[in-house]
Ligand code: WT7
């Protein structure tokens, strides 16, 4: 059954069918039209230059400043007193920042970064919890043409170091500590650990005081935000940058152990982030109170907390903590407190709310909500229905938005007020975007399951993998090289009506609570332990987190511990080496791993074991008996 758009909603919606029509009529002119929603210092001479495919140039010769578009412009238009950010701290403190205040803070940071000697093109790592200074730092970088690389504050020192080295970061911005369920956990100490030992490209560490915990200090290298940025001038003149100037690098997991630094540039990225935020969320400046629950450590935080919303003069909630601190009411209290109208979260959280029970949301007035969004993984129809009924009061449209770190912005989604939605379906490519479902040979399907490809370039597409353009071509473009299509790594299905359902990854990338984790990365963390000779990791279906990590390990002769103690040690090792989000749910110690004659681990069979299924075809295994041993483990 499809949910037809509500007539009243449709009448006032930002988007209409006309949007599809104009995009079909002239795709490039359509994108030019969307780009004109921004302020350009210098107009472009050409909308798209695809001559160097797969590296696109959008809005060639155009110049603009991202921070000017996200902040200054609104102040100059007379909206300086509008709240940009209602910030809600985990321990219960809060802070509102108007657009004028945000401008002053971003300008201070920009002035101080300049004083530090940072210049356009330099890289800055941001390793911070969800505090206003994190957003201010990103905008200050954008303002100066510094390329930021935000590293999720849950990542390990090793992961941070790897990213700083790869990007060649000159500055790391962090906090003394971060609040996690009522306790202050050190964060600056992790930066010290990351940068200790061998010399790195990092010259300074700028520290925001958040929790007040003691921090070790390296004189000359470390700087307090409140001694530096706070004293800088609140006036700063933004300068325009080329539309293709690198805006940010964001690392994401691929199919090998090494994370990929996804590169995004300025003009096309902001155009699509802004356009999608306006239309997919039906955002009305000055009226809506928007809340995207992501962390700035992920692309959702970049495009739908920072760049999309602020470019559209959004008033938004930014929350520092977890949904259950101090208790499971927190999100609903926040919705009630600020009158949130648009709420954007991940299916894993919806399923967690389901587990906690409807009594919790029912204890709050959620009637301000008028639109709900979902992102990060396929949303199962049951969760979709619950979301609409219990959170959305059977009233709100739901937009299931498919996109990736690489796509920079939403690609496939219903348009609220326009699209009749089906629970669990992302429905169709947005106006201006072209997606196809194809078979292994690249034949285009009009129904059934296959691989998801994007067959036309789009403005916010990645421009490469930082420092590794060969890997960029291999990963995304070689699969359908003769057609020139982008291979997303996801499977998808077109139903009998031609509506699109995203089925999830078809490669060795797992999706745990909407977080992308590579099997290879977890395997390499496991073999980092002296007791492990070999490891194989699979993502097994999990009712709450979508997938959960299940590992199979073979021990070395030196392994001293075995059994439960070893398993606990290995789980801790993965948390330490990567992040607690990569901690395996189960680790099985096995005598052997199932391999093909060419030495490839048969993950498909391990997934059968992990999910307790009958084994699939074992005929290509060197030794099918391996499974008797694995099943007994
Ligand atoms: C992968 C991208 C997009 C921001 C958050 C994740 C999966 C994402 C959906 C959706 C089904 C989805 C895909 C994709 N995914 N959104 N609505 N339905 N799957 O960004 O870490 O780059 O992960 O997340 O598998 O390839 P990411």
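Quick note: the coordinates plus some simple rules give every number you see, no bench work behind them. None of these values were measured; they are calculated from a predicted model. Counting neighbours? That spans all protein chains shown, and the Cβs are built from the backbone with ideal geometry, glycine included.
Tell me, what is the percent relative contact order of the chain, built from C-alpha pairs under 8 Å that lie six or more residues apart? Mind showing how you got there, number by number?
Working: 1388 pairs, mean separation 81.7, N = 633.
With pairs under 8 Å counted, the relative contact order is 13 percent.
Using a ≥ b ≥ c from the Cα gyration tensor of region 202-346 (square roots of the eigenvalues), is it rounded, prolate or oblate, where a/c under 1.5 gives rounded and otherwise the larger of a/b and b/c decides, a/b for prolate? Walk me through the numbers before you get to the answer.
Details: a/c = 1.44, a/b = 1.16, b/c = 1.24.
It is rounded, given that a/c, with a ≥ b ≥ c, falls under 1.5.
Show me the ranking of peptides 128-135, 188-195, 601-608 by mean Cβ neighbours inside 10 Å, starting with the highest. Numbers along the way, then the final one.
Working: 128-135: 24.4, 188-195: 21.8, 601-608: 19.5.
Top to bottom by mean Cβ count within 10 Å: 128-135, 188-195, 601-608.
Want the number for residue 623 to residue 420: 0.36 nm per residue separation, take away the alpha-carbon distance, what's left?
Full-extension gain reported as 67.9 nm.
Based on DSSP, what percent of beta bridges with both residues in region 363-467 are antiparallel, to the nearest 5?
Details: 7 of 11 bridges.
So the antiparallel bridges amount to about 65 percent of the total.
Points 7 angstrom from Cα along the Cβ direction at residue 477 and residue 446: gap in nanometres?
Reported label-point gap for residue 477 and residue 446 is 3.1 nm.
Grab the alpha carbons of region 479-580, take their convex hull, and tell me the volume per residue in Å³.
Numbers: hull volume 14.2 nm³, N = 102.
Per-residue hull volume (Cα only) is 139 Å³.
May I ask for the distance between the Cα centers of region 555-609 and region 114-180, given as a whole number of Å?
A separation of 33 Å, based on Cα centres.
Which of the peptides 282-289, 495-502, 443-450 is most tightly packed, and how do the rest follow, going by the mean number of other Cβ atoms within 10 Å of each residue? Write out the running numbers ahead of the final one.
Numbers: 282-289: 17.4, 495-502: 15.6, 443-450: 13.0.
The peptides rank, most packed first, as 282-289, 495-502, 443-450.
Under the rule a/c < 1.5 gives rounded, and otherwise a/b versus b/c splits prolate from oblate, where does region 1-155 land using the Cα gyration tensor?
oblate
Which value in deg cm²/dmol, rounded to the nearest 500, describes the helix-derived mean residue ellipticity at 222 nm for the chain, given -39,500 (n - 2.57) per DSSP H run of n ≥ 4 and division by the residue count? Walk me through the numbers before you get to the answer.
Details: 19 runs with 167 residues, N = 633.
Result for the chain, helices only: -7500 deg cm²/dmol.
Considering only DSSP beta bridges with both partners in the chain, what is the antiparallel share in %, to the nearest 5? Before the final figure, lay out the partial values.
Numbers: 60 of 100 bridges.
Roughly 60 percent of the beta bridges in the chain run antiparallel, per DSSP.
Determine the percent antiparallel among the DSSP beta bridges restricted to region 189-335, to the nearest 5. Don't skip to the answer; put the middle values down first.
Details: 6 of 12 bridges.
The answer is about 50 percent antiparallel.
Which order, highest average first, do 298-306, 91-99, 78-86 follow once you tally other Cβ atoms within 10 Å for each residue and take the mean per peptide?
Values: 298-306: 25.6, 91-99: 15.0, 78-86: 17.7.
The packing order, highest mean first, is 298-306, 78-86, 91-99.
Rank these for me by crowding, 241, 3, going from fewest to most other beta carbons within 10 Å.
3, 241
Taking Cα pairs under 8 Å and at least six residues apart, what relative contact order does region 31-74 come out at, in percent?
On the way: 49 pairs, mean separation 17.1, N = 44.
With pairs under 8 Å counted, the relative contact order is 39 percent.
So what is the relative contact order of region 298-428, in percent, for Cα pairs below 8 Å that sit 6 or more residues apart? Before the final figure, lay out the partial values.
Numbers: 174 pairs, mean separation 27.0, N = 131.
Normalised by residue count, the contact order of region 298-428 is 21 percent.
For the chain, go through all pairs of different Cα atoms, get the mean of 1/r, take its inverse, and jot down that Kirkwood value in Å. Before the final figure, lay out each step's value.
Values: mean 1/r = 0.0395 Å⁻¹.
25.3 Å is the Kirkwood radius here.
Taking the Cα-to-Cβ direction at residue 362 and at residue 11 and moving 7 Å from each Cα, how far apart do the two end points lie in nm?
The two pseudo-label positions are separated by 3.3 nm.
If every alpha-carbon in region 291-410 counts as one equal scatterer, what log10 I(q)/I(0) does Debye give at q = 0.18 1/Å?
The Debye formula, applied to the Cα set alone, gives -0.96.
Run the quick spin-label model on residue 556 and residue 569: label points 7 Å from Cα toward the beta carbon, then report their separation in nm to one decimal.
Going from the residue 556 label point to the residue 569 one covers 1.1 nm.
So what's the projected area for region 13-67, the Cα convex hull averaged over all directions, in nm²? Present the calculation step by step, with values, prior to reporting the outcome.
On the way: hull surface 20.2 nm².
Over every viewing direction, the Cα hull of region 13-67 projects on average to 5.0 nm².
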